[in-house]
Amino acid sequence: QVQLVESGGGLVQAGGSLRLSCTASGLGFSINPMGWFRQAPGKERDFVAHMTWSGGDASYADSVKGRFTISRDSAKNTVYLQMNSLKPEDTAVYYCASGAVGNRFDARAYTYWGQGTQVTVSS
């Protein structure tokens with residue numbers, strides 16, 4: 001069983017930055033790709049970014065490419081999402097996920113989820 005705990009959300013003005021953290025525990029997490037997704041009210045859970053624990057194969061949604069960076073600290077079992085140049089449309093609950101089987105861009109492929117952390121960007 002994998003446990004994921006996110007932190008780092010909050011309220012920020014447009015153009016600002018936040019760094020989200022996702023700390024993982026449990027057997028097998030180290031071999032899973034880690035993903036970040038977000039869900040705005042009334043919308044589906046959308047892919048944001050994912051990477052493997054080896055540090056390679058990072059991918060981003062077009063809407064965040066060049067502004068967001070996913071990284072990991074293996075010693076701390078933690079994956080980060082650095083979010084710069086935030087826009088009001090980035091407002092959502094952000095989730096980290098693991099245990100993907102199949103399409104890593106699809107939330108339905110992931111088995112394990114954190115509780116989510118709210119990010120609100122004011123204009």
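The values are calculated or read from the model by the stated rules, or taken from the named source; none is laboratory data. Keep in mind that what you see is a predicted model, and the values were worked out from it rather than measured. Heads up, the Cβs are rebuilt from the backbone with ideal geometry, glycines too, and the neighbour counts pull from every protein chain shown. The accessibility values were calculated without ligands, DNA or RNA, using every heavy atom of the protein model including side chains. Shrake-Rupley method; radii C 1.70, N 1.55, O 1.52, S 1.80 Å.
Under the condition of being part of a loop (DSSP other than H, G, I, E, B) and without any contact (Cβ under 8 Å) to a residue 40 or more places away in the chain, which residue from the stretch 44-60 is surrounded by the fewest Cβ atoms within 10 Å (Cβ to Cβ)?
So the residue we want is Gly56.
How many of the residues in the stretch 25-66 are of a type in the set (Asp, Glu), at pLDDT below 85 and either touching a Lys or Arg at 6+ places or on another chain (Cβ under 7 Å) or over 22 Å from Asn77 (Cβ atoms) (or both)?
Total meeting the criteria: 0.
Given the options Leu86, Leu4, Leu20, name the one that is surrounded by 13 or more Cβ atoms within 10 Å (Cβ to Cβ), assigned to a loop (DSSP other than H, G, I, E, B) and either within 14 Å of the chain's Cα centre (by Cα) or at pLDDT 95 or above (or both).
Going through Leu86, Leu4, Leu20 in turn, the sole match is Leu86.
Can you tell me which of Ala75, Ala92 is over 17 Å from Met51 (Cβ atoms) and either at pLDDT below 95 or open to solvent by less than 50 Å² (accessible area, probe 1.4 Å) (or both)?
After ruling out the rest, the residue left standing is Ala92.
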